[in-house]
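Below is one structure, written out as structure tokens, with a few remarks after it.
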Amino acid sequence: MKKRIIALFLCLVSIVAVFAGCAGSIDPTSEYKGQQITMYLAETIYDLDPANAYYNESTRSIVSLLFDTLYTLDEKGNVKESLAKKYTIKEDENANEYFMYIELKDSNWSDNTPVTADNVVYAWKRVLSYNNSFETASLLFDIKGARDYNAGEVSEDDIGLTADGKTVTIQFEGPIDYDQFILNLTSVALAPLREDIAGKSDDWAKKPGTMVCSGPFKLARISFSQNSKTRYSDINYDVAAKAGEKTVYIPATESKNFREYVVNSFILERNAYYYRDSEEEEKLDITVKPYRIIVDCAMPDEDIKEAYENGTILYMGDIPMSLRNEYKDEAVIKDSLSTNVLYFNQNAEINGEKIFAEAKVRQALSLAVDREKIAEDVVFAEAATGLVPTGVFDSTSIKSMFRDNASGNYQYLSNDIDTA
């Protein structure tokens, strides 16, 4: 069978769903608990916090296996229930009251604790908190008080969110597009979290001992390495000092330099309590494949090629740059929404001149770039010709694309050497 390179994590959830209902079980004390897959990821991973996964596609794909969301998207892009069982709407136009009630299915965390509405409310308020500065907070701005809380103008008690067992009650500022709001809830950044876990430490999502998971997999093992070549500075670093019997923290006069720690490998194992009755906790379904996912994040390119060719690595989540031309005919591409932007430092001097401060120079450089060629040869992607990527829905309807509606009055970037 011909080998296939595929962005595995974008499809693993659907694989799990297909096999989850199959019959057959084994004793968990058995050495063999099911198939395992070894794979490679090219992007750097720092932690597995759903709210941080927004910034890294590889992390986002892994986190979607560890944390379930209320809703998800099928292979055709249609919204379907995941943790959510159903939702109902209650409107009173005269009183300007608009409510949504989301009822959750019965599912458990990886420590066999039920997933509850309190977990949803905690996770959403955490995303909205002005102390955290999560960019995905805007997904929840339709909720009453959410925008003001994110701006630090009201307390979290003023947010229109309450929990009662398995039911999440949401009050909105006014009439909204409910379909769009449900679509927002497919983001892994809004996955439920446990306050007793995530609220204890900023590093809770970096090690198995401090993580519980609601998705089909849990973190079994993780290994970090110190990058001796990379350091970063913390300009807000605080210095501890003694003031009598108390320890006080004062801002440092100089920034503190830290070495960079990154994940070099980790292992995911099946969550035995994912949509399972606690009475069945002593058995695992052998037909839920894979049982274990072994991921290497730090292999050199030549080692990746050798491991892939000899079958040690079954999947590559991302093909390293040096190997892309070799494997471009075998690559299976999965679309994702992203746009990368390069900013020029207008104060940079070249031969004593700040040439990037000249608008015409920047325009000429933009026109000279052949984005289609770069996309074809390097990233296997569609060229970015505007800040809004293709695939983004129009704000007025999830059935129409932003670019289709904006094409009449929006000038997209193009390659034009003569004009440049």
Note to self: If I go through the range 343-364 residue by residue, how many of them are of a type in the set (A, V, I, L, M, F, W, C) and either touching a Lys or Arg at 6+ places or on another chain (Cβ under 7 Å) or more than 20 Å from Asp416 (Cα to Cα) (or both)?
What the structure shows: 6
Notebook entry, point to check: Among (1) modelled with pLDDT of 90 or more; (2) farther than 26 Å from Tyr291 by Cα; (3) open to solvent by less than 50 Å² (accessible area, probe 1.4 Å); (4) assigned to a loop (DSSP other than H, G, I, E, B), which single condition is Pro50 missing?
Noted result: (2)
Next item on the list: For residues that are out of contact with any Pro (no Cβ under 9 Å at 6 or more places or on another chain), part of a loop (DSSP other than H, G, I, E, B) and not polar (S, T, N, Q), tally how many sit in the range 87-108.
Entry: 2
Margin query: Cβ-Cβ distance below 7 Å, separation of 6 or more or different chains: which pairs start in the range 144-169 with a residue that is closer than 16 Å to Ser133 by Cα and hydroxyl-bearing (Ser, Thr, Tyr) and end on one that is open to solvent by less than 50 Å² (accessible area, probe 1.4 Å) and assigned to a helix (DSSP H, G or I)?
Written below: Tyr149/Leu128
Item checked: Looking only at the range 134-157, and only at residues there that are of a type in the set (Ser, Thr, Tyr) and closer than 18 Å to Gly174 by Cα, the one that is modelled with the lowest pLDDT -> Ser138
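Quick grid of which residues meet (1) open to solvent by 40 Å² or more (accessible area, probe 1.4 Å); (2) in contact with a strand residue (DSSP E or B) (Cβ under 9 Å, 6 or more places away or on another chain); (3) under 30 Å from Tyr46 (Cα atoms):
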{"residue": "Asp142", "(1), (2), (3)": "yes, yes, no"}
{"residue": "Gly160", "(1), (2), (3)": "no, yes, no"}
{"residue": "Gly165", "(1), (2), (3)": "yes, yes, no"}
{"residue": "Glu173", "(1), (2), (3)": "yes, yes, no"}
{"residue": "Gln180", "(1), (2), (3)": "yes, yes, no"}
{"residue": "Leu190", "(1), (2), (3)": "no, no, yes"}
Note to self: Six or more apart or on different chains, Cβ atoms under 8 Å: show the pairs whose first residue is in the range 174-186 and within 14 Å of Tyr98 (Cβ to Cβ) and whose second is among the charged types (D, E, K, R) and not in a helix (DSSP H, G or I).
What the structure shows: Pro175/Glu91; Pro175/Glu93; Ile176/Asp142; Phe181/Asp142
Next item on the list: Enumerate the pairs (first residue in the range 310-335 and open to solvent by 80 Å² or more (accessible area, probe 1.4 Å); second residue anywhere and part of a loop (DSSP other than H, G, I, E, B) and modelled with pLDDT under 85) with beta-carbon separation below 7 Å, excluding pairs fewer than 6 apart on the same chain, so at least 6 apart or on different chains.
Entry: Lys328/Phe380; Ile333/Phe380; Lys334/Ala7; Asp335/Gly391
Margin query: If Thr72 meets every condition in (1) in contact with a Pro (Cβ under 9 Å, 6 or more places away or on another chain); (2) at pLDDT 80 or above; (3) surrounded by fewer than 23 Cβ atoms within 10 Å (Cβ to Cβ) apart from one, which number is that one?
Written below: (1)
Margin query: Name the residue that is farthest from the chain's Cα centre (by Cα), counting only residues in the range 196-214 that are surrounded by fewer than 18 Cβ atoms within 10 Å (Cβ to Cβ) and in contact (Cβ under 8 Å) with a residue 24 or more places away in the chain.
Written below: Gly199
Item checked: Matching residues in the range 149-182 - criterion: being hydrophobic (A, V, I, L, M, F, W, C) and either assigned to a helix (DSSP H, G or I) or farther than 21 Å from Glu93 by Cβ (or both) -> Ala151, Val154, Ile159, Leu161, Ala163, Val168, Phe181, Ile182
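The values are calculated or read from the model by the stated rules, or taken from the named source; none is laboratory data. Remember, predicted model here, so these are calculated numbers, not experimental data. Backbone-built Cβ (ideal geometry, glycine too); neighbour counts: all protein chains shown. Only protein heavy atoms, including side chains, enter the accessible area calculation; ligands, DNA and RNA are left aside. Shrake-Rupley method; radii C 1.70, N 1.55, O 1.52, S 1.80 Å.
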